[in-house]
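Right, one structure below, let's go through it.
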Amino acid sequence: MSSLECEQGPIGVLYVVATPLGNLQDITDRAREVLGRVDTVVAEDTRRTRKLLAHLDISAPLESYHGDSSRHKAHDILRQLQAGKQVALLSDSGTPAVSDPGAELICLALDNGIKVVPIPGPSAVTTAFSVAGIAASGFVFAGYPARKQAERQQFLQQMADDLRPTVFYEAPQRVAATLQMLSAICPERRIVVARELTKLHEELRTGTVAEVAEYFSEQEPRGEFTLVLSPAQALDSRLEVSQEALREAIEAMLAAGMSRRDVAHVVELLTGLSRNQAYELVQCSSGQQ
């Protein structure tokens, strides 16, 4: 008896199947086996999934389930599972439900006692981080930046202030603008932009945020983008002890006629604080004068 047969029971199973980011050779043997024996494949984009299934010589019934799918569609799939059907959930590429549709269906299945089985495999998040060259014991995955200007600014500022590396996605039509906004916040921070991972035109662009922002302002961004931002540096413990001396230095620079922005830039360079943190400190010090 195979491991898949052990996983099956009187009620169906929802398999959450990771698929290649681009290179079809990255499909796992287990994913191939699952897709070859389930009753239905539920996919974000049936056109892309049909190409994958054709490559694997699999002709399983195919249904769409994407971001615009109604809750009614999720309940239709649930009824199949409750009837004992085996269903595989796929996204366009990589691991489903990671900034992709699927979480609602998975939650519905779990809430109704359906067995949910992960079939691990490719993920743009871990793939990009593995080649970023950033030493860290962990990272933050932030998904996609907000589309509205103010919300996006806040999103990027939070990433810039985080003491952990941040991995995030961005659409090609917005990546240049996002990099420009991030450059205004932390221009000297290291960033890695991974484009078209595992595909023919795969590209890794590494440098400071300012350098990479300039590059993509002159190039037409195409394809799928995953970005890895290096972490903010924590304030040195010696500076934490001498906060009063730092405030006195800020007050002295302001009294000498330096602008708040210039003073904040000096504080940023000396302490490793983010631009926003340094400016807030200058604001607080100037308010005490």
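The values are calculated or read from the model by the stated rules, or taken from the named source; none is laboratory data. Every value quoted in this text rests on a predicted model; they were computed, and no experiment measured them. Note: ideal-geometry Cβ built from the backbone for every residue, glycine included; neighbour counts use all protein chains shown.
Tallying residues that are more than 21 Å from the chain's Cα centre (by Cα), farther than 22 Å from Gly22 by Cβ and either modelled with pLDDT under 95 or buried (at least 20 other Cβ atoms within 10 Å of the Cβ) (or both) within the range 210-229 yields 2. Among the residues of the range 79-116, those identified as in a strand (DSSP E or B) and either crowded, with 17+ Cβ neighbours inside 10 Å or free of Cβ contacts under 8 Å to residues at least 24 places away in the same chain (or both) are Gln86, Val87, Ala88, Leu89, Leu90, Gly94.
Applying the criterion of at least 2 residues that are under 25 Å from Ser130 (Cβ atoms) to the helices (runs of 4 or more DSSP H) found wholly in the range 173-282 leaves 209-218.
For every residue, the table says whether it meets (1) in contact with a strand residue (DSSP E or B) (Cβ under 7 Å, 6 or more places away or on another chain); (2) among the acidic types (Asp, Glu); (3) within 22 Å of Leu269 (Cβ to Cβ); (4) surrounded by fewer than 14 Cβ atoms within 10 Å (Cβ to Cβ).
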site: Ser137; (1), (2), (3), (4): no, no, no, yes
site: Tyr144; (1), (2), (3), (4): yes, no, no, no
site: Gln149; (1), (2), (3), (4): no, no, no, yes
site: Gln153; (1), (2), (3), (4): no, no, no, no
site: Asp161; (1), (2), (3), (4): no, yes, yes, no
site: Tyr169; (1), (2), (3), (4): yes, no, no, no
site: Met181; (1), (2), (3), (4): no, no, yes, no
site: Glu196; (1), (2), (3), (4): yes, yes, no, no
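The single condition from (1) touching an Asp or Glu at 6+ places or on another chain (Cβ under 9 Å); (2) at pLDDT below 90 that His265 fails is (1).
Out of all the residues in the range 151-177, which are among the β-branched types (Val, Ile, Thr) and more than 18 Å from Ala232 (Cα to Cα)?
Val175
Take the residues of the range 3-18 that are assigned to a loop (DSSP other than H, G, I, E, B) and of a type in the set (A, V, I, L, M, F, W, C): which is modelled with the lowest pLDDT? Per the criteria, the residue is Ile11.
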